[in-house]
1. How about the range A:77-126: which helices (runs of 4 or more DSSP H) wholly inside it have at least 1 residues that are at the interface with chain B (Cβ under 8 Å from one of its Cβ atoms) and crowded, with 16+ Cβ neighbours inside 10 Å?
2. Test B:K166 against the criterion of being closer than 19 Å to B:W78 by Cβ and within 14 Å of chain A (Cβ to nearest Cβ), and give yes or no.
3. Can you tell me which residues in the range B:136-149 are touching a helix residue (DSSP H, G or I) at 6+ places or on another chain (Cβ under 8 Å), farther than 19 Å from B:T191 by Cβ and assigned to a helix (DSSP H, G or I)?
4. Among B:I303, B:I282, B:I265, which is under 29 Å from the mean Cα position of the chain (by Cα) and buried (at least 19 other Cβ atoms within 10 Å of the Cβ)?
5. Cβ-Cβ under 9 Å, sequence separation 6+ or interchain: first residue in the range B:88-104 and within 14 Å of another protein chain (Cβ to nearest Cβ), partner outside any loop (DSSP other than H, G, I, E, B). Which pairs?
6. Could you list, in sequence order, all residues of the range A:11-32 that are within 16 Å of A:V208 (Cβ to Cβ) and either among the β-branched types (V, I, T) or within 14 Å of another protein chain (Cβ to nearest Cβ) (or both)?
7. When the range B:150-163 is examined, which residues are found to be within 11 Å of another protein chain (Cβ to nearest Cβ) and either touching a strand residue (DSSP E or B) at 6+ places or on another chain (Cβ under 6 Å) or assigned to a helix (DSSP H, G or I) (or both)?
8. May I ask you to say which residue of A:I48, A:I55, A:I24, A:I32 is of a type in the set (V, I, T), in contact (Cβ under 8 Å) with a residue 40 or more places away in the chain and in contact with a Lys or Arg (Cβ under 6 Å, 6 or more places away or on another chain)?
Amino acid sequence: MDNISVKVHDLTVAYNKKPVLWDIDLEIPSGILMAVVGPNGAGKTTLIKAMLNLIKPLTGRALFWGEPYENNRKRIGYVPQRGSVDWDFPTSVLDVVTMGTYGKLGWFKRPGKKEKERAVEALNKVDMVSYANRQISQLSGGQQQRVFLARALVQDADLYFMDEPFQGVDAKTEKAIVKLLEELKKMGKTVLVVHHDLQTVTEYFDWVTLLNTVLIDYGPIHEVFTEENLKKTYRSTIDSFYKNNGKVI
Amino acid sequence: MELLFNLFSDYTLRIVTLGSTLLGITSGAIGCYAVLRKQSLIGDAVSHAALPGIGLSFLLIGSKNTEWLLLGAFIAGWIATLVILNIDRLSRIKYDNALAMILSVFFGFGLVILTYIQKIPNSNQAGLEKFLFGQASTLLQRDVMLMGIVALITLVPMIFLWKEFKLLSFDTIFADTIGFSTKKLDLILTTLIVISIIVGLQTVGVILMSSMLIAPAVAARQWTNRLFIMVMLSSFFGAAAGICGTLISSSIDNMPTGPIIVVVITLIALLSLLFAPNRGLIWKRIRDNKTKKEINSTIILSILYTLSEKHTKTYHSYDLSALMLKKDNIKYSKKKLLKELNKLKMSGLVDKHEKNLWAISEKGMKKISVLDYTNGGQSYYD
């Protein structure tokens, strides 16, 4: 089944007894732009990390094109939150973007001219070529985000996971990301984006997943992104229901 | 001159200098990763934890050969590191807590063993304490050969796993997602760090060894923004400290080599922290002052600009008190304001009309329209 990129089955994740994700079942069709929306602490980042085996789930698993993650690493690109690394690391923008080629290079091989060229090409797509030789600590938040996106582009994956790329970026970066998402969609890629801004969901994406520890609903925006569903997602009673281990108060 | 002459003629001095240099190169290079991964204290933990290994090795094998003692030190240091990393990974105890706990437990145990060994009659125990503060003068040719081998063992994997170590240090999670086993890489890198620390114990001692790992890297980071140059520079600083320290201590009576090396490398780090261009504190201070001045004049210019925007005549002039009315943006005294206005006039950005009236000039208008505040003052950085 190639028209389904990801199948998540029965996924439950808990940190110290408290469930963060509860019994998630999700199918992501190929070629869509999907927003993952939900309040703080809803488990959006955890969902991505659990799918990518970065966190061990209690139960359940994610299958990519019908196979486990390990078999398909090279077809999957990941853009972490930009706060997850130390931007004072002694390296250049081009160097960070080139890291996207390391996966295909494998162990021991050094990136060569071809890899550098692909990195420059990706920087071009996010409008950052003129920054190629700059030290990464000299970038603004939005520029950092675009560097991370370029690194993911270099991976040339079929499926992308992006963790809050729009968080705290300037208008120019926001436009660049939106343009990029559209391009990726045109190329037939599948993109899953953790997103905070409810205002722009319908504008930027065509599918949405509403998450608050449990999966509220998912599907095409016009079917799922309803007032009723949003109320369900952001209603605090759901939150407290699960915080109290299922005892309704 | 005499010092240099000694270096070529005195056999012992040559051996010791060679040993300290090798030590400086190795710990300087690998120390960069400890610093960049924010695991600076791992060196301290490993070196302290190595002490019981030295004692136990002596008790079990009964030999005072450096190789055996260092093997014991390596095993103990390595076990301590693994325990620390696993406590951090598997329990809710934080990394620094685990580190402090293991460091003191192992070191305490080491002291117990050393004391016990001293109480054994005829054990000829003298010599084990040299690992506490180090005793470079006891270095033999074979010790230095061991240090050379260890330098190779540390540096060769660093060359082959260059991109992997860089990736691991910059973004562990990303490294994981693109298929590099960060557990394996972490283990290799940590082992290399442990090895390079252990080999320095005889020269610098368990208490001071961690500075050989950290100080060169901290100093090197100040001078460059490239990892490769940082590693090279760090090795160079380590080697320089090794040579200088040995020569200084050999030229003055009763000067311990290890501690002098540590003092030298600390000095290098201190000077780098102060004087390195861009990252140095003094440089930073100068730059901040310059920026402050620039901002002052820009603020005053923008006040004139906003006033002129409201006025029908673009280049209408205002007196000082009108400029001071905009109190919420500006904290300047009349004197300061006048000084800044005069400076702006010198660069032709404002015009002074009669009776102390000031107006923005055409040139000033151009300058302010170029400044782009819509991007949070981004143009400053571009």
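Every number here is computed from the coordinates shown, using simple stated rules; none is lab data. Everything quoted here is computed from the prediction, not taken from an experiment. Because the Cβ atoms are built from the backbone with ideal geometry, glycine has one as well, and the counts that use them run over all protein chains shown.
1. Hits in the range A:77-126: A:93-98, A:102-105.
2. Values: closer than 19 Å to B:W78 by Cβ: no; within 14 Å of chain A (Cβ to nearest Cβ): yes.
When the stated conditions are applied, B:K166 does not pass them.
3. Matches in the range B:136-149: B:A136, B:S137, B:T138, B:Q141, B:R142, B:D143, B:V144.
4. Values: B:I303 fails: under 29 Å from the mean Cα position of the chain (by Cα); B:I282 fails: buried (at least 19 other Cβ atoms within 10 Å of the Cβ).
Answer to the selection: B:I265.
5. Here the result reads B:S91/B:A98; B:I93/B:I87; B:I93/B:M101, each pair linking the range B:88-104 to a residue that is outside any loop (DSSP other than H, G, I, E, B).
6. The answer is A:I24, A:I28, A:I32.
7. Kept after step one, since they are within 11 Å of another protein chain (Cβ to nearest Cβ), are these residues of the range B:150-163: B:157, B:159-163.
Once the filter is applied, which keeps residues that are within 11 Å of another protein chain (Cβ to nearest Cβ) and either touching a strand residue (DSSP E or B) at 6+ places or on another chain (Cβ under 6 Å) or assigned to a helix (DSSP H, G or I) (or both), the range B:150-163 yields B:P157, B:I159, B:F160, B:W162, B:K163.
8. A:I55
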